[in-house]
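What follows is a short report on a single structure.
The values are calculated or read from the model by the stated rules, or taken from the named source; none is laboratory data. Only a predicted model underlies this, so the values are computations on that prediction, with no experimental measurement involved. Backbone-built Cβ (ideal geometry, glycine too); neighbour counts: all protein chains shown. Note: accessible area is taken over every heavy atom of the protein model, side chains too, but ligands, DNA and RNA are not part of it. Shrake-Rupley method; radii C 1.70, N 1.55, O 1.52, S 1.80 Å.
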Amino acid sequence: MLESQGLSPSHRFQMEVDWFSLSGVILLLCTAPFQVFFFVMACDQYQCSVTQPLVELYSGEATLGSIWDKAPSFTWTAAQIYTAWVSLQVVLYMCVPDITHKFLPGYSGGVQDGARTPAGLINKYEINGLQSWLITHALWYANAKYFHWFSPTIIFDNWIPLLWCTNILGYSVSTFAFIKAYLFPTNAEDCKFTGNVFYNYMMGIEFNPRIGKWFDFKLFFNGRPGIVAWTLINLSYAAKQQELYGYVTNSMILVNVLQGIYVLDFFWNEAWYLKTIDICHDHFGWYLGWGDCVWLPFLYTLQGLYLVYNPVQLSTAHAAAVLLLGLTGYYIFRSANHQKDLFRRTDGKCSIWGKKPTFIECAYRSADGCLHHSKLMTSGFWGVARHLNYTGDLMGSLAYCVACGFGHIHPYFYIFYMTILLVHRCVRDEHRCRSKYGKDWKRYTDAVPYRLLPGIF
Ligand code: NDP
């Protein structure tokens, strides 16, 4: 097959998979869909208790079959809603070039360059996520206020049937990307093959699969349909609280506001996002494809779902503490990311915390043997710890959970998951940086010894 495309294996990046990574991959492939089902079903059938279903299973009061039978199944209504949703996002992504950058000061949208890929390519991206988000939410508002085509609770009302639809898309897109990588890769030189089919399927082979010139799988699936939907899902939960109880709790408002800030930040900084690990280093497989379609919309919104079933009204002091934690976390997350971006964009010719930044000069060789130079900043948040942007993210995540009170562990799954995700990501990134920069990375870690929490980790 390689010969039929005029490619030799040397064009492609080969990698060995260790047993530990492979076990993790197989475990995730086998359990992640059931984890999502479990958390959503726990709310639907057990008022969001995660222990009750386990106790009933253990005592024989319930069986896996009886739980499965009680869960709502696939419906054509949900399929129509989801098809309309994904189609709208495709149209907004592909057919509506960004105009918001022309009138929003400080916003970078429109056609932007991505980072250089391992094979040396620089892809162009149409950055119009903020515009898509604004149009989608304007349509949602217009419907709720004037047109009444559908109820604002539509997402909540079809939540489990929608889970089946998102799974169909998640598996289809991952399988398509897998087959495409063998048959018609977008850039064969950027493909990463391992000797293991499960690893290839999950972690992806192609680096930047595209259809045509502009439909970029990573940018589309990472941001839309999942992240645009995030704020709408939360609004649907708030509408459901209003319908069921006649009021919306302050905890629900806090979750909507804090997660809304995070989502808007994502789209405001979509061009910056092209330089993050997801786009710069990860290949597109089930991890990103299924994860963006299913894991993200269902598990990142657990707090709002929980609050529909358990309407927690927080004391003023509790609500203020959540807001403070969430906003402080967001400030650290955004400022740390901004400092690194500014430092790299200006090649260190900028001011960080009112001073010229300090840094460590590094050298590294790319796959083609060329020598390059780079800088690792040791000022600002990057001088306090090596990944304070993750620490800020974790503080924000904890705030969403604490907004739900302390009645159940269900909404706390998010902080548990984010801690594993970001600690693993930190270790993975540092492993890559160590191989890339060698002794210069050692000089950096000597200068900034802690990863996430100064003095502790
Ligand atoms: P970072 O933005 O932290 O990028 C890490 C890279 O930055 C390194 O590989 C290295 O790249 C460079 N770098 C490391 N240290 C320095 C330094 N001191 N000075 C200059 N450059 C440095 O990682 P991510 O892309 O993972 O994260 C981006 C944001 O997205 C984070 O805030 C994270 O919290 C958030 N995030 C959120 C997720 C969610 O699900 N909510 C998931 C993933 C991320 P190089 O090779 O160029 O030197």
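The apolar share of the surface of the chain, taken as the fraction of accessible area on carbon and sulfur atoms (1.4 Å probe, ligands and nucleic acids excluded), comes to 67 percent.
Seen from all directions on average, region 309-355 presents a Cα convex hull projection of 5.1 nm². Peptides 205-218, 49-62 ordered by packing proxy, namely the average of other Cβ atoms within 10 Å per residue, highest first: 205-218, 49-62. Each Lys and Arg contributes +1 and each Asp and Glu -1, all at the Cβ; summed about the Cα centre of the chain, the dipole is approximately 1420 debye.
With a cut-off of 8 Å between alpha carbons and a minimum separation of six or more residues, what is the relative contact order of the chain in percent?
Numbers: 641 pairs, mean separation 73.4, N = 457.
Relative contact order, the chain: 16 percent.
With contacts taken as Cα pairs under 8 Å and at least 6 residues apart, region 309-435 reaches a relative contact order of 29 percent.
In terms of distances greater than 18 angstrom between alpha carbons, the cross-link table entries K124/K218; K192/K442; K275/K375; K102/K349; K356/K436 yield K192/K442; K102/K349; K356/K436. Comparing C426, P161, T194 along the charge dipole axis of the chain, the residue lying farthest to the positive side is C426, per the Cβ-charge model.
Rounding to the nearest 10 and keeping the result within 0 to 90°, find how far the Cα-based axis of helix 413-437 lies from the longest principal axis of the chain. Tilt relative to the chain: about 10 degrees. Sorted from greatest to least, the principal axis extents spanned by the alpha carbons of region 78-236 come out as 54, 41, 22 Å. Normalised by 2.2 N^0.38 Å, where N counts its residues, the alpha-carbon radius of gyration of the chain equals 1.01.
With everything on Cα atoms, drop me the angle between helix 316-345 and the longest principal axis of the chain, reported from 0 to 90° to the nearest 10. The answer is roughly 20 degrees. Per residue, the convex hull spanned by the alpha carbons of region 198-277 comes to 141 Å³. Compared with the dominant Cα axis of the chain, that is its longest principal axis, helix 76-95 is turned about 30°. Two numbers describe the Cα atoms of region 363-455: Rg and Dmax, which are 16.9, 57 Å.
Rolling a 1.4 Å probe across the protein heavy atoms gives the chain an accessible surface of 46 Å² per residue.
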